[in-house]
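The structure appears below as structure tokens.
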Amino acid sequence: MNPHPSRSRPLRCLAAAEALRQACDFPRQPYFRDLIQGGMSREVFLESQRHFAHAVAFFPRPMAALVARLPDPRQRLDLLRNLVEEHGDFREEAFHISSFRDFLTRLGGVEAAELPPLPPALHAFQAALSGSCSFDELETGLACLGFIEYAFAELSTLIAVAVVERGWIAPQELRHYRLHARIDEEHAAEFFMVIESAWDEPERRIHVERGLALGAQLFRRLYDDLAEVKPMSGQGLALHA
Ligand SMILES: [Fe+2]
């Protein structure tokens, strides 16, 4: 759906992101392959998603850094809209991290929604996004976050289908991933609108391509790391029936 029908679409950025997303082949990556084919236990999935919560909680901050760096107030608007939506349209119960905690609670009980200490893999992901969005060329940070949103739309669908098929969560209780499966390609397009004109300027285009590739690298690496997560031992979380 295009919420701005009067405006053109960032077709070249979207085509490049689609080609890259296909090249990433997320459904065959170990994390998603195991989840889809049933090789991942509910305990491991829950613990990996508790790690991932640090990415959800952090994502609006590099986004805000980009908003602060954009000199044109019109370009800031779409990102601001996305940023406000990350903050639940000013309602705390609808913050994206709130809906993600709700997902964790439904999967593993109230304790599961308490974020674990920051794992190194998530720390590295956060640091890379901060660095790119603060110090790289603007086109690079925008393309990087745009690709991550674009990929997350597909990954949200994969996860939503898998957790319902496994019977881990009832479809009507699946708020976070269902929402992101629906809205994140549009969020990606909002990032890409700002940089679409760079395709006509070789010296800017290279920064866009670099940013898309960085987003792909970071997200693939992150899920490779999540595929290595082990369930909590000993005092393991009691799973929500
Ligand atoms: Fe989003």
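The values are calculated or read from the model by the stated rules, or taken from the named source; none is laboratory data. The shown structure was predicted, so the numbers you read here are calculated from the model rather than taken from an experiment. Cβ sites come from the backbone with ideal geometry, for glycine too, and all protein chains shown count toward neighbours.
Summary table below
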{"item": "Considering residues of the range 48-60 that are within 14 Å of the ligand (Cβ to nearest atom) and assigned to a helix (DSSP H, G or I) only, the residue nearest to Asp225 (Cα to Cα)", "result": "Ala55"}
{"item": "Filtered residues of the range 101-118 (kept if of a type outside the set (Gly, Ala, Ser) and either part of a helix (DSSP H, G or I) or within 22 Å of Asp72 (Cβ to Cβ) (or both))", "result": "Arg101, Asp102, Phe103, Leu104, Thr105, Arg106, Leu107, Val110, Glu111"}
{"item": "Qualifying residue in the range 68-75 (condition: under 20 Å from the mean Cα position of the chain (by Cα) and not in a loop (DSSP other than H, G, I, E, B))", "result": "no"}
{"item": "Qualifying residue in the range 97-108 (condition: surrounded by 13 or more Cβ atoms within 10 Å (Cβ to Cβ), small (Gly, Ala, Ser), out of contact with any Gly (no Cβ under 8 Å at 6 or more places or on another chain) and free of Cβ contacts under 8 Å to residues at least 24 places away in the same chain)", "result": "no"}
{"item": "Selected residue (only one of Ala127, Ala143, Ala121 is surrounded by fewer than 19 Cβ atoms within 10 Å (Cβ to Cβ), in a helix (DSSP H, G or I) and at pLDDT 95 or above)", "result": "Ala127"}
{"item": "Residue among Ser197, Ser98 that alone is within 16 Å of the ligand (Cβ to nearest atom), of a type in the set (Ser, Thr, Tyr) and part of a helix (DSSP H, G or I)", "result": "Ser98"}
{"item": "Test: Glu186 is in a helix (DSSP H, G or I), within 16 Å of the ligand (Cβ to nearest atom), touching a residue at least 40 places away in the same chain (Cβ under 8 Å) and among the charged types (D, E, K, R)", "result": "yes"}
{"item": "Hits in the range 155-183 (condition: in contact with a Leu (Cβ under 8 Å, 6 or more places away or on another chain), more than 15 Å from the ligand (Cβ to nearest atom) and either touching a residue at least 24 places away in the same chain (Cβ under 8 Å) or of a type outside the set (A, V, I, L, M) (or both))", "result": "Leu158, Ala162, Val163, Trp168, Ile169"}
{"item": "Contacts under 6 angstrom Cβ, first residue in the range 189-206 being farther than 19 Å from Leu77 by Cβ, partner aromatic (Phe, Trp, Tyr) and in a helix (DSSP H, G or I), 6 or more apart", "result": "Arg205/Trp199"}
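Listed here are the residues, each with its yes/no results for (1) in contact (Cβ under 8 Å) with a residue 40 or more places away in the chain; (2) under 19 Å from Cys144 (Cβ atoms); (3) acidic (Asp, Glu); (4) surrounded by fewer than 17 Cβ atoms within 10 Å (Cβ to Cβ).
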| residue | (1), (2), (3), (4) |
| --- | --- |
| Arg9 | yes, no, no, yes |
| Leu35 | yes, no, no, no |
| Met63 | yes, yes, no, no |
| Arg74 | no, no, no, yes |
| Glu111 | yes, no, yes, yes |
